[in-house]
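Q: Got a structure here, written out as structure tokens. Questions coming.
The values are calculated or read from the model by the stated rules, or taken from the named source; none is laboratory data. In this text, all values refer to a predicted model and were calculated from it rather than measured experimentally. Virtual Cβ from ideal backbone geometry, glycine too; neighbours counted across all protein chains shown.
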Amino acid sequence: MGLSRSEQRRDAVFACYQHDVTGRPLDVLLEGAPDFTRDLAMGVEENRAAIDEVIGERSHGWELERIAPLERNVLRVALYEMRYLDDVPDEVAIDEAVNLARKYCGADAPGFVNGILGAVARTGGSAA
């Protein structure tokens, strides 16, 4: 059996994170990845400027570069799903992102991620 969507989201976050931190090409990082993982990571990269703009608008008092790279990429993948994929409800994207932040990021990350994504879900963002 293949990877679950949750596992593929995690893998997309890690691929985007590695690309962000090391500059390695996404194509290389995604070799052999399932379609959903690849679609998420490539979609984030293609829409990164618009997604980052939304993060910047919602993370009051935080410069995008000050957000930890893994948290930043958890946000990017969730926002990509919220703004560009019709088959993923916002609540699912938020829940998945908070769970990833809880598992892989610092203690304050789940609340931070939930706050930003919740604000986007309530008020919309300019990434659409």
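Q: State the number of residues belonging to segment 17-51 that are in contact with a Pro (Cβ under 9 Å, 6 or more places away or on another chain) and within 20 Å of Tyr84 (Cα to Cα). Reasoning before the result, please.
A: Within segment 17-51, the subset in contact with a Pro (Cβ under 9 Å, 6 or more places away or on another chain) is 17, 19-21.
Checking which are within 20 Å of Tyr84 (Cα to Cα) leaves us with 17.
So the answer is 1.
Q: Then there's this: All but one of (1) in contact with a helix residue (DSSP H, G or I) (Cβ under 8 Å, 6 or more places away or on another chain); (2) without any contact (Cβ under 8 Å) to a residue 24 or more places away in the chain hold for Leu70; which doesn't?
A: Only one criterion in (1) in contact with a helix residue (DSSP H, G or I) (Cβ under 8 Å, 6 or more places away or on another chain); (2) without any contact (Cβ under 8 Å) to a residue 24 or more places away in the chain is unmet by Leu70, namely (2).
Q: Among the helices (runs of 4 or more DSSP H) confined wholly to segment 51-128, which include 2 or more residues that are in contact with a Gly (Cβ under 7 Å, 6 or more places away or on another chain) and surrounded by 14 or more Cβ atoms within 10 Å (Cβ to Cβ)? Even if it seems obvious, please write down each step before you answer.
A: Details: elements: 69-84, 90-104, 109-123.
Those helices (runs of 4 or more DSSP H) span 69-84.
Q: I've got another one for you. Among the residues that make up segment 32-43, is at least one of them under 20 Å from Arg122 (Cα atoms) and assigned to a helix (DSSP H, G or I)? Working first, answer last.
A: The initial filter retains those residues of segment 32-43 that are under 20 Å from Arg122 (Cα atoms), namely none.
Looking through segment 32-43, none of the residues is under 20 Å from Arg122 (Cα atoms) and assigned to a helix (DSSP H, G or I).
Q: Among the residues of segment 57-83 satisfying the criterion of being acidic (Asp, Glu) and under 10 Å from the mean Cα position of the chain (by Cα), which is farthest from Thr123 (Cα to Cα)? Before the answer, list the steps.
A: Going residue by residue through segment 57-83, those that are acidic (Asp, Glu) are 57, 63, 65, 71, 81.
In the following step, the residues that additionally are under 10 Å from the mean Cα position of the chain (by Cα) were identified as 71, 81.
On the way: Glu71: 21, Glu81: 16 Å.
It comes out as Glu71.
Q: Please identify the pairs in which a residue from segment 1-19 that is within 10 Å of Pro34 (Cα to Cα) has its Cβ atom under 8 Å from the Cβ atom of a residue that is at pLDDT below 95 and surrounded by fewer than 20 Cβ atoms within 10 Å (Cβ to Cβ), counting only partners at least 6 apart or on another chain.
A: If the second residue must be at pLDDT below 95 and surrounded by fewer than 20 Cβ atoms within 10 Å (Cβ to Cβ), the pairs left are Asp11/Leu3.
Q: Sort out which residues of segment 1-31 are part of a loop (DSSP other than H, G, I, E, B), hydrophobic (A, V, I, L, M, F, W, C) and over 25 Å from Arg102 (Cα atoms), and write them in order of number. Lay out the reasoning, then the answer.
A: Filtering segment 1-31 for residues part of a loop (DSSP other than H, G, I, E, B) gives 1-4, 23-25, 30-31.
Narrowing the set further to residues that are hydrophobic (A, V, I, L, M, F, W, C) leaves 1, 3, 30.
Within segment 1-31, Met1 is the sole residue that qualifies.
Q: Further, regarding this structure: Between a first residue in segment 36-64 that is among the acidic types (Asp, Glu) and a second residue that is in a helix (DSSP H, G or I), which pairs have beta carbons less than 8 Å apart while being 6 or more apart in sequence or on different chains?
A: Glu45/Cys16; Glu45/His19; Glu45/Leu26; Asp52/Leu64; Asp52/Arg76; Glu63/Gly56
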